[in-house]
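This report concerns only the one structure given below.
FYI, it's all coordinate maths here, none of it is from the lab. These numbers were taken from a predicted model, which means no experiment stands behind them. Positions of Cβ are backbone-derived with ideal geometry, glycine not excepted, and every protein chain shown enters the neighbour counts.
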Amino acid sequence: MRSHTPRIAVVTGGTSGIGLATARHLLARGCRVAVFGQRPANVENAARVFSREFGAERVFARVVDLAEPAQISSFFRELDERWGKAEILVCNAGISPKGPDGPTPFQEITLDEWNAVLSVNLTGTMLCSQTALPGMVESGFGRIVFVGSIAGRAMPRIAGTAYVASKAALAGLARSLVARYAAQGITINVVAPGRIATEMAGPRDSALNRAAVARIPAGRMGEPEEVAAAIGFLTSDEAAFINGATIDVNGGEYAPL
């Protein structure tokens with residue numbers, strides 16, 4: 001029987017945008033939450049704000065570059081020494097390179113750019129899952145959520161090719177893990193946000209975002225907290241029979257039957 005010790009959650013890219021909102025949601029639910037990001041200022045701010053709101057003993061924040069496997073290993077090793085194995089893993093970190101005129105045209109994408117995007121968005125997600133899963137198997141409980149994108153589900157309008165490919169691949173990764181781990185009390189699902197009001201999306205009143213909103217039946221951009229709520233549900237005990245699913249959070253812009 002499980003003790004009443006709070007669940008241990010990891011949120012990658014948990015220091016800004018959707019990741020920050022998700023970390024706050026899980027902390028408010030009572031979890032101990034470990035976050036990492038690539039920008040030291042964001043990591044320091046998240047640690048300070050969360051420690052003040054929820055107590056420093058429930059917050060663990062580090063600078064980690066997902067493109068560096070050794071840094072991922074070091075993070076999980078330190079987490080294990082501090083609290084124990086991760087029971088909840090939210091793979092939210094991602095990059096979407098754009099120039100002044102938008103994404104790099106397909107014929108101009110360099111191998112360096114392609115590898116940079118996939119190393120964070122896909123390979124980093126795989127490595128975090130690979131590191132966290134043995135502990136979940138041992139405990140008989142695990143919740144993994146990959147943060148995908150509408151760009152990986154519908155006809156992409158804004159995102160670049162490497163980003164689209166990396167996000168579409170997450171659904172396949174999730175399904176392959178479900179086939180292997182579902183019988184051991186572990187769920188792996190994808191949340192696919194649409195246009196969400198984050199730093200990555202830019203100013204709400206930009207021409208790009210006004211055009212995006214015009215395509216959304218809800219008539220507005222989504223909020224990070226709305227995506228966090230969907231992620232939070234999938235990490236809960238109540239979502240134990242939801243496995244291998246993709247949950248769209250896009251205001252109706254993409255609504256498959």
Inset, instruction - Taking the Cβ of each residue in 149, 129 as the centre, tally the other Cβ atoms inside 10 Å and list the residues starting with the fewest. - result: 129, 149
Legend entry - Cα centroid of segment 88-125 to Cα centroid of segment 15-71, whole Å: 22 Å
Inset, instruction - For an R0 of 35 angstrom, estimate the FRET efficiency from the Cβ-Cβ distance between residue 39 and residue 257 and round to the nearest 0.05. - result: 0.30
Legend entry - Under Karplus coefficients 6.51, -1.76 and 1.60, residue-wise ³J(HN,Hα) of segment 84-90 in Hz, glycine/proline x: x, 6, 5, 9, 10, 10, 10
Legend entry - Percent of alpha-carbon pairs separated by more than 25 Å within segment 93-230: 34 percent
Inset, instruction - Go ahead and run the numbers for FRET between residue 138 and residue 214, Cβ-Cβ distance against an R0 of 45 Å, rounding to 0.05. - result: 0.35
Inset, instruction - Treat the count of other C-beta atoms within 10 Å as a stand-in for reagent exposure and order 254, 163 from fewest to most. - result: 254, 163
Legend entry - Gain in span if fully extended, residue 53 to residue 207, counting 0.36 nm per residue against the direct Cα distance: 51.8 nm
Inset, instruction - Output the direction-averaged projected area (hull surface divided by four) of the convex hull of the alpha-carbon atoms of the chain, in nm². - result: 13.9 nm²
Inset, instruction - Quick one: dipole size for segment 8-249, taken about the Cα centre, charges +1 on Lys/Arg Cβ and -1 on Asp/Glu Cβ, in debye to the nearest 20. - result: 400 debye
Legend entry - Relative contact order computed over segment 8-249 (Cα-Cα under 8 Å; 6+ residues apart), in percent: 20 percent
Inset, instruction - Whole Å is fine, so just give me how far the alpha carbon centre of segment 170-206 lies from that of segment 225-257. - result: 9 Å
Legend entry - Nearest-0.05 FRET efficiency for residue 112 and residue 68, computed from C-beta distance (R0 22 Å): 0.90
Inset, instruction - Multiply the residue gap between residue 237 and residue 199 by 0.36 nm, knock off their C-alpha separation, and tell me the result in nm, one decimal place. - result: 10.6 nm
Inset, instruction - Write down, largest first, the equivalent ellipsoid semi-axes of segment 1-74 in whole Å, where each equals the square root of 5 times an eigenvalue of the alpha-carbon gyration tensor. - result: 20, 15, 10
Legend entry - Distance between modelled label sites at residue 245 and residue 157, nm, 7 Å Cα→Cβ extension: 2.7 nm
Legend entry - Ellipticity estimate at 222 nm from DSSP helix runs (n ≥ 4, -39,500 (n - 2.57)) divided over the chain, nearest 500: -13000 deg cm²/dmol
